[in-house]
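One structure is given here, and the rest of the page talks about it.
What follows draws every value from the coordinates through simple rules; no lab data is involved. Fair warning: this is a prediction, and the values are worked out from it, not measured in the lab. Every residue, glycine among them, receives a Cβ derived from its backbone with ideal geometry; neighbour counts consider all protein chains shown.
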């Protein structure tokens, strides 16, 4: 009797879980389709290829993520986040040796920092706003990054810091540079959805 009840409970749990799995799968596919559409519209934009790679990675499709990150790096060899996530995708496939052997691309900025005594370029960016790292917020962050780029012309990108997705703008040599200060001043005055939301932006270092 106990075994029978246990089997009934297990079967019931599987049926209850199935709709949630279907919803999650639909959300993954919708996010991927949106990212693919952005690539079709902007094939020469490193950021949209990076965002597609991120979406592939979140769906567990690491081989496709690798191809998207590689394309982002071909367009923008200094894209630190694409380099970082590319390495992580290879690690997810337990393929530690393929990344340097397979890519005819520059090493990630971290490796350059270790080899060069001088500061590397593009080591500072502006942290605009952060979201919790969820599928819903990923799309919101991508839309905001695109809007800021359209309004300012600055290169924008998404960075995963801890458990947060951070919208970043611009790449600067020095924290106290006039270019960074001007960008911070300009972005803090932007209005998005009818109000100022970015007055708390500040500079962070890209590792």
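Going from the residue with the fewest nearby Cβ atoms within 10 Å to the one with the most, 195, 185 rank 195, 185.
Listing 200, 177 from fewest to most neighbouring C-beta atoms within 10 Å gives 200, 177.
Among beta bridges from DSSP that stay inside region 121-207, the antiparallel ones total about 100%. The packing ranking, built from the mean of other Cβ atoms within 10 Å per residue, places the peptides 144-151, 52-59, 75-82, 130-137 in the order 52-59, 75-82, 144-151, 130-137, highest first. Taking a ≥ b ≥ c as the square roots of the eigenvalues of the Cα gyration tensor, region 121-207 is oblate, since a/c reaches 1.5 or more and a/b is not larger than b/c.
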